[in-house]
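Step one of this worksheet: look at the structure below.
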Amino acid sequence: MSTAFQLATSDGLHLSGISYTPPGDIKGVVVLLHGMGEHFGRYKHVADFFSTIKYATVGMDHRGHGNSAGKKGHTSSYDQLMNDIDLLMNKTKEMFPNKPIVLYGHSMGANLAANYAIRKKPSLKGLILTGTYFRLAFNPPAWKLKLAKISARIYPTLTQRTGLEVKAISRDSKVVEAYKADSLVHDKITSAFFVNVHSAGTYAIGHANELSMKTLAMHGTADRLTSSKATEEFANKNPQKVELKLWDGFYHEIHNEPEKQQIFDYIANWLSK
């Protein structure tokens with residue numbers, strides 16, 4: 001069963017959300033945060049998987065993404081993104097009272113999930129991070145980073161194209177073509193959004209030892225978009241809490257690779273422990 005809902009932010013935006021609930025009793029709830037430029041609707045098959053192991057799934061389109069309001073690819077501060085997740089978590093607790101919650105993020109969503117867990121210290125059953133944007137898989141020119149920091153201060157809404165290499169999201173050509181044809185996908189990012197999220201990845205690595213919940217960090221070794229080495233660095237900062245799983249030869253969206261069932265089985269086994 002799916003249920004749509006709206007969240008009202010403190011700065012007057014409405015965020016579009018949806019929950020998926022399997023029949024019968026559920027073991028817990030997965031709160032899922034999507035990546036940059038995409039939307040929660042691309043994770044319906046992931047929610048279907050969680051339903052098979054009796055977990056509900058709740059997610060929203062981030063501000064400036066999908067069906068949610070806001071300038072495309074923009075946030076004026078990282079705190080706004082953290083506060084949006086607060087709204088989503090509170091809604092989840094309202095819909096599924098007293099059920100354990102697992103926070104799951106992919107790419108930019110994993111950047112948000114890791115930082116939310118570190119900064120807000122919520123009560124979570126677990127944390128799942130895939131293809132996390134701790135660092136990019138390539139080094140942007142130094143002048144571009146400097147320009148972004150300057151423009152974030154004087155013109156925070158300056159919008160540029162992300163330049164995403166779409167073929168690098170998955171080795172499954174059908175996934176790539178569906179992404180290209182998806183009208184809710186965009187390739188826009190403002191200087192403020194980039195600077196806030198980029199620096200938050202470094203922050204999460206530096207504060208990984210503050211994680212208090214069991215965490216599964218997974219990354220494809222052939223990811224050309226975000227750095228698997230940065231995920232390794234994050235995991236090595238807190239080996240007591242973070243389990244690292246690298247998938248040899250997998251691209252960025254490991255949940256959309258031809259072998260995605262292996263990913264789901266691994267998650268199911270990890271949750272059962």
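The values are calculated or read from the model by the stated rules, or taken from the named source; none is laboratory data. Because the structure is a prediction, the values reported are computed rather than measured. Cβ atoms come from the backbone with ideal geometry, glycine included; neighbour counts cover every protein chain shown.
Figures for the structure shown
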| quantity | calculated |
| --- | --- |
| Those strands (runs of 3 or more DSSP E) lying entirely in the stretch 157-273 with at least 2 residues of a type outside the set (F, W, Y) and at pLDDT 95 or above | 215-220, 242-247 |
| Residue check, M82 closer than 21 Å to G126 by Cβ, surrounded by fewer than 20 Cβ atoms within 10 Å (Cβ to Cβ) and either at pLDDT below 95 or of a type in the set (A, V, I, L, M, F, W, C) (or both) | yes |
| Where a residue in the stretch 20-37 is within 23 Å of H65 (Cα to Cα) and hydrophobic (A, V, I, L, M, F, W, C) and its partner, wherever it lies, is at pLDDT below 95 and surrounded by fewer than 18 Cβ atoms within 10 Å (Cβ to Cβ), with Cβ under 7 Å and at least six apart | M36/T162 |
| Test: M60 is of a type in the set (A, V, I, L, M, F, W, C) and either on the phi > 0 side of the Ramachandran plot or touching a His at 6+ places or on another chain (Cβ under 9 Å) (or both) | yes |
| Any hit, the stretch 106-120, residues being under 22 Å from M82 (Cα atoms), out of contact with any Phe, Trp or Tyr (no Cβ under 8 Å at 6 or more places or on another chain), surrounded by fewer than 24 Cβ atoms within 10 Å (Cβ to Cβ) and modelled with pLDDT under 95 | no |
| Filter result for D48 (within 25 Å of Y203 (Cα to Cα), loosely packed, with under 15 Cβ neighbours inside 10 Å and free of Cβ contacts under 8 Å to residues at least 40 places away in the same chain) | no |
| Among (1) surrounded by fewer than 17 Cβ atoms within 10 Å (Cβ to Cβ); (2) farther than 30 Å from K71 by Cα; (3) free of Cβ contacts under 8 Å to residues at least 40 places away in the same chain - the single one E233 does not satisfy | (3) |
| Matching residues, the stretch 1-25, being assigned to a loop (DSSP other than H, G, I, E, B) and not acidic (D, E) | M1, T9, S10, G12, L13, T21, P22, P23, G24 |
| Residue check, S76 surrounded by fewer than 19 Cβ atoms within 10 Å (Cβ to Cβ), touching a residue at least 24 places away in the same chain (Cβ under 8 Å) and hydroxyl-bearing (S, T, Y) | yes |
| Among the residues listed as N67, N90, the single one being within 19 Å of the chain's Cα centre (by Cα), closer than 30 Å to K180 by Cα and of a type in the set (S, T, N, Q) | N67 |
| H65 under 23 Å from S272 (Cα atoms), in contact with an Asp or Glu (Cβ under 8 Å, 6 or more places away or on another chain) and either in contact (Cβ under 8 Å) with a residue 40 or more places away in the chain or acidic (D, E) (or both) | no |
| Members of the stretch 80-138 that are over 17 Å from I205 (Cβ atoms), among the basic types (K, R) and in contact with a helix residue (DSSP H, G or I) (Cβ under 7 Å, 6 or more places away or on another chain) | K120 |
| Residue match in the stretch 26-40 (condition: within 15 Å of the chain's Cα centre (by Cα), in a helix (DSSP H, G or I), at pLDDT 95 or above and under 19 Å from T132 (Cα atoms)) | yes |
| Any strands (runs of 3 or more DSSP E) falling wholly within the stretch 47-144 and containing at least 3 residues that are over 25 Å from G220 (Cβ atoms) | 55-60 |
| Residue pairs meeting the criteria (Cβ under 7 Å; at least 6 apart or on separate chains; first touching a residue at least 40 places away in the same chain (Cβ under 8 Å) and surrounded by 19 or more Cβ atoms within 10 Å (Cβ to Cβ), in the stretch 192-208; second part of a helix (DSSP H, G or I) and among the basic types (K, R)) | V195/K149 |
| Unique match (being farther than 20 Å from L124 by Cα, among the polar types (S, T, N, Q) and in contact with a helix residue (DSSP H, G or I) (Cβ under 8 Å, 6 or more places away or on another chain)) among S2, S77, S68 | S77 |
